[in-house]
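K.L.:
The structure under discussion is supplied below as structure tokens; questions concerning it will follow.
Just so it is clear, none of the values below were taken in a lab; they were calculated from the coordinates. The shown structure was predicted, so the numbers you read here are calculated from the model rather than taken from an experiment. FYI the Cβ positions are ideal-geometry reconstructions off the backbone, even for glycines, and counts take in every protein chain you see.
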Amino acid sequence: MTPPQQQEQDRATLTAYGITEDALAEALAPAMNRLALMARDQGRDPEEFFISLPDAFFAALALGYLDARNAGHTGAALQRAAQTNTARVLEREGRADLVPLATALGRYGQ
């Protein structure tokens, strides 16, 4: 599948789940900023660090955040619920190996 075809398929999947691109950007912006900070602090190139992570990681971050937000959580409760939800998504998808990174990311830069 070519990159444009993959993007089209990704958009269709998001639409099927009722997730807008704005909601996805809202969910991932804080995580992307923290990942970039984490990479720089470790002397790594942020872009290479992003690319090294599987798509399942970003999907779990987005779903964890959006589920928590849609449940009405705000502030610190939103962050805690998003972390819990993200861990559950990763475990359900067989990617429990990524839970420590997601947990560390949730605390990073605070």
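K.L.:
Whole-Hz ³J(HN,Hα) for each residue in segment 12-23, computed from phi via Karplus 6.51 cos²θ - 1.76 cosθ + 1.60 with θ = phi - 60°, x for glycine and proline: what do you get?
P.N.:
The phi angles translate into 5, 5, 4, 4, 4, 8, x, 9, 7, 5, 5, 5 Hz.
K.L.:
Still on this structure, please answer the following. With the dipole of segment 12-103 worked out from charges on the C-beta (+1 for Lys and Arg, -1 for Asp and Glu) around the Cα centre, which of GLY94, ALA31, ALA81 lies farthest toward the positive end?
P.N.:
Selected residue: ALA81.
K.L.:
In debye, nearest 20, what is the charge dipole magnitude of the chain about its Cα centre with +1 on Lys and Arg Cβ and -1 on Asp and Glu Cβ, if you could check?
P.N.:
Roughly 460 debye, rounded to the nearest 20.
K.L.:
Now for a separate question. Over all pairs of distinct alpha carbons, what does the Kirkwood formula give as the hydrodynamic radius of the chain, in Å?
P.N.:
Mean inverse Cα-Cα distance, inverted, gives 14.6 Å.
K.L.:
A follow-up question, please. Would you mind calculating the gained length between ARG40 and ASN70 on full extension (0.36 nm times residue separation, minus the Cα-Cα distance), in nm to one decimal?
P.N.:
Gain on extension, ARG40 to ASN70, equals 7.6 nm.
K.L.:
A further question on this structure: Applying 1/(1 + (r/R0)^6) with R0 = 41 Å to the Cβ-Cβ distance of ALA77 and MET1, what FRET efficiency is obtained, to the nearest 0.05?
P.N.:
That gives a FRET efficiency of 0.55.
K.L.:
What does the charge count near ASP55 come to, summing +1 for each Lys or Arg and -1 for each Asp or Glu among other residues with Cβ under 11 Å from its Cβ?
P.N.:
Here the count lands on -1.
K.L.:
Which value at 222 nm does the chain reach when only helices count, each DSSP H run of 4 or more adding -39,500 (n - 2.57), with the total divided by all residues and rounded to the nearest 500 deg cm²/dmol?
P.N.:
-25000 deg cm²/dmol
K.L.:
Something else about it: Please turn the phi angles of segment 44-61 into ³J(HN,Hα) values with the Karplus equation 6.51 cos²θ - 1.76 cosθ + 1.60 (θ = phi - 60°), one per residue in order, whole Hz, x for glycine and proline.
P.N.:
9, 6, x, 5, 5, 5, 4, 5, 6, 8, x, 4, 4, 5, 5, 4, 5, 4
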